[in-house]
Structures are given as C-alpha cells and as structure tokens.
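Inspection log for the structure reproduced underneath, given as structure tokens.
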Amino acid sequence: MIKLRSLLNENIESWSSQIESKYNLKSFFVSEYKDKIKLDTIIVNKEDRGKGTGSKVMEELCDYADRNQKIITLTPAVKDDFQGTTSQSRLIEFYKRFGFVLNKGRNKDFSISELMFRLPK
C-alpha cells in the first residue's frame with residue numbers, strides 16, 4: 001500500500017512540476033491519494049496575473065483529473081497579499097467556472113474536509 005501511495009504521489013509530483021515550469025508559477029502544490037487530488041497551492045507570479053494563467057492551469061488540472069477519474073478538492077484562500085488573493089468569495093466564483101461545488105448542503109461529502117470539490121467528467 002505504501003509503495004502504491006508513493007507511486008501515485010510521484011506521478012502527480014512530476015506532473016505538477018511540469019505545470020509549475022510551463023506556466024512559470026510562483027508555487028503549485030497538489031497531492032494525490034486514492035480517488036482524490038487536493039489542490040493545496042497555486043500562486044501565479046505578480047507579472048503574470050490577469051493574463052489567464054490561473055485558468056490555463058485549472059484547465060490542465062481538470063483534464064488530468066478527468067483522465068485519471070479523480071475528484072479534485074480544495075479550500076480557496078482568504079485575502080492574502082503574498083499569494084495575491086483578493087477575496088475568498090472571488091476565488092469560489094473562479095473555481096465554480098471549472099465545475100467545483102461547495103461542500104455543504106445537499107452536495108456535502110463527509111469524506112472531504114475541504115470547502116469545495118469537483119467530480120471527474
């Protein structure tokens with residue numbers, strides 16, 4: 001079991017390193033476990049903000065998750081000048097464009113602790 005988990009993480013780590021380099025990201029960290037990919041951090045460099053870089057990265061992440069039939073989970077950051085976050089509510093709307101739903105109400109999945117998730121297509 002540990003070898004399988006390690007292999008999964010190596011695959012996602014290799015893929016995420018390629019994405020980080022391709023889009024010149026300040027930081028991009030995802031982890032994978034069983035049927036889920038957790039997006040921990042995505043920080044676009046200040047000079048690249050507002051150019052669609054975050055959207056391109058999210059499209060690639062969603063494609064990767066769909067190909068591998070993985071659920072993506074995340075909790076949008078709160079306002080943070082270091083990360084460039086202006087508001088959590090703005091990020092929630094951004095992620096909804098990619099098919100994410102809030103993990104509450106009738107969508108609540110108790111196996112997911114993050115605020116949002118996206119099912120594979």
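The values are calculated or read from the model by the stated rules, or taken from the named source; none is laboratory data. In this text, all values refer to a predicted model and were calculated from it rather than measured experimentally. Note that we place each Cβ from the backbone using ideal geometry, even for glycine, and neighbour counts take in every protein chain shown.
Data overview
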| quantity | calculated |
| --- | --- |
| Test: residue in segment 99-106 that is under 15 Å from Leu119 (Cα atoms), at pLDDT 90 or above and out of contact with any strand residue (DSSP E or B) (no Cβ under 8 Å at 6 or more places or on another chain) | yes |
| Selected residue (criterion: farthest from Ile43 (Cα to Cα)) from residues of segment 83-98 that are over 15 Å from the mean Cα position of the chain (by Cα) and at pLDDT 85 or above | Ser89 |
